[in-house]
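Engineer: Encoded as structure tokens, here's the structure I'll be asking about.
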Amino acid sequence: MRRSARAALWRRLRRNTLSLAALGMLIVLTTVALCAPWLTPYDPDAPDAEHVLQAPGLRHWLGTDIYGRDQLTRILHASRIDLLVALGATLIALSTGVVLGALAGYRGGWTDQLLMRAIDAVMAFPSFILAMGITAALGNNTLNVIAAIAITHVPIYTRLIRGEMLRVREMEYAEAARTVGNRQRRIIFHHLLPNCLPPVIVQATLAMGFAVLTVAALSFIGLGIRPPMSEWGAMTAEGAGYIVSGEWWLFLFPGLAIIAAVLSFNLVGDALRDLLDPRMRGL
């Protein structure tokens, strides 16, 4: 039965060629991020005055920037930073939001009210504006950017898990777990929480794309990853001032990297939603 179910899921996934392509792109991005130091012979941060603002060619496939640094090398190294920030922020927000949402949804009462009012206070601020404020207050290093994005994402998972927990805590297997004398912690995290995770997995995949977009936007306005570290948003900001003078490669290729990463995460998230949603299994 399990084998037939996996075969059915694979058949449905194969029909969605766009999502398969997006999954392949994510695999490529991850591989590039892990192997970036060995993929090009150039130092991403070492200036080269003799090759400033060179157009794409045989020596520098994506051209060079205003300091003569190889654009391809910097884009490959920037993938490490952007994906690390997105993954770190998503894992922190996911783990925190799951715990808070599970407690609020199962226990109810004053615990639910206290946690939800705190979550509402965070959600009162636009997420990007809140991330800007946090990085401006704490400083724009990598850890602070991860923390800022994670804080803005915690309410999403908390409310999602709370809603799922309110649904499953009234089901028969939850009552059976309470009847046999299981501790509350075991009931929440062993019996109920696994049945709440499918929509959270989908949300986490979509949030990865939004996290990449957020760190790029923060870096674009100077509140994200600081130079000389390679980062897609910062590279796009550096190239934006050269649009009129014709150095199009400075902003085009980092922008395409952002688009590819965000679009891939969104398409994979949509595919996971179709695969994990019970209402879609008969389609």
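The values are calculated or read from the model by the stated rules, or taken from the named source; none is laboratory data. Just so we're clear, the structure is a prediction, and the values are computed from it rather than from any experiment. Every residue, glycine among them, receives a Cβ derived from its backbone with ideal geometry; neighbour counts consider all protein chains shown.
Engineer: Here are some conditions: (1) out of contact with any strand residue (DSSP E or B) (no Cβ under 8 Å at 6 or more places or on another chain); (2) more than 20 Å from GLY222 (Cα to Cα). LEU143 meets all but one. Which one does it not meet?
Structural biologist: (2)
Engineer: Which of (1) touching a residue at least 40 places away in the same chain (Cβ under 8 Å); (2) in contact with a Phe, Trp or Tyr (Cβ under 7 Å, 6 or more places away or on another chain); (3) not basic (Lys, Arg) does LEU100 not meet, given it meets every other one?
Structural biologist: If we test LEU100 against (1) touching a residue at least 40 places away in the same chain (Cβ under 8 Å); (2) in contact with a Phe, Trp or Tyr (Cβ under 7 Å, 6 or more places away or on another chain); (3) not basic (Lys, Arg), just (2) comes out false.
Engineer: Of all residues in segment 177-205, which are over 34 Å from the mean Cα position of the chain (by Cα), among the hydrophobic types (A, V, I, L, M, F, W, C) and surrounded by fewer than 16 Cβ atoms within 10 Å (Cβ to Cβ)?
Structural biologist: The one that is over 34 Å from the mean Cα position of the chain (by Cα), among the hydrophobic types (A, V, I, L, M, F, W, C) and surrounded by fewer than 16 Cβ atoms within 10 Å (Cβ to Cβ): VAL180.
Engineer: Further question: Taking GLN113 as the residue in question, decide whether it is of a type outside the set (Val, Ile, Thr) and buried (at least 17 other Cβ atoms within 10 Å of the Cβ).
Structural biologist: No.
Engineer: Looking at segment 51-108, which of its residues are closer than 27 Å to ASN144 by Cα and in contact with a strand residue (DSSP E or B) (Cβ under 7 Å, 6 or more places away or on another chain)?
Structural biologist: GLN71
Engineer: Filter segment 35-53 for residues that are more than 20 Å from ALA237 (Cβ to Cβ) and either surrounded by 12 or more Cβ atoms within 10 Å (Cβ to Cβ) or touching a Lys or Arg at 6+ places or on another chain (Cβ under 7 Å) (or both) and give the result.
Structural biologist: Once the filter is applied, which keeps residues that are more than 20 Å from ALA237 (Cβ to Cβ) and either surrounded by 12 or more Cβ atoms within 10 Å (Cβ to Cβ) or touching a Lys or Arg at 6+ places or on another chain (Cβ under 7 Å) (or both), segment 35-53 yields ALA36, PRO37, LEU39, THR40, TYR42, ASP43, ALA46, ASP48, HIS51.
Engineer: Counting just the residues of segment 172-230 that are among the β-branched types (Val, Ile, Thr) and not in a helix (DSSP H, G or I), which one comes out farthest from LEU252 (Cα to Cα)? Break it down stepwise before answering.
Structural biologist: Going through segment 172-230, the residues among the β-branched types (Val, Ile, Thr) turn out to be 179-180, 187-188, 200-202, 205, 212, 214-215, 221, 225.
Adding the requirement that they be not in a helix (DSSP H, G or I) leaves 180, 221, 225.
Values: VAL180: 62, ILE221: 17, ILE225: 19 Å.
That would be VAL180.
Engineer: Let me ask something else about it. Say whether the condition of being of a type in the set (A, V, I, L, M, F, W, C) and assigned to a helix (DSSP H, G or I) is met by at least one residue in segment 52-60.
Structural biologist: Among the residues of segment 52-60, not one is of a type in the set (A, V, I, L, M, F, W, C) and assigned to a helix (DSSP H, G or I), which makes the answer no.
Engineer: Output the number of the condition that SER95 fails; it satisfies all remaining conditions of (1) within 22 Å of MET235 (Cβ to Cβ); (2) surrounded by fewer than 20 Cβ atoms within 10 Å (Cβ to Cβ); (3) modelled with pLDDT of 90 or more.
Structural biologist: (1)
Engineer: Next question. Does ALA174 count as buried (at least 17 other Cβ atoms within 10 Å of the Cβ) and either farther than 13 Å from VAL98 by Cβ or in contact (Cβ under 8 Å) with a residue 24 or more places away in the chain (or both)?
Structural biologist: Taking the combined requirement at face value, the residue satisfies it.
Engineer: When you go through ARG162, ARG167 one by one, which is the residue that is over 21 Å from the mean Cα position of the chain (by Cα), in a helix (DSSP H, G or I) and surrounded by fewer than 18 Cβ atoms within 10 Å (Cβ to Cβ)?
Structural biologist: Answer to the check: ARG167.
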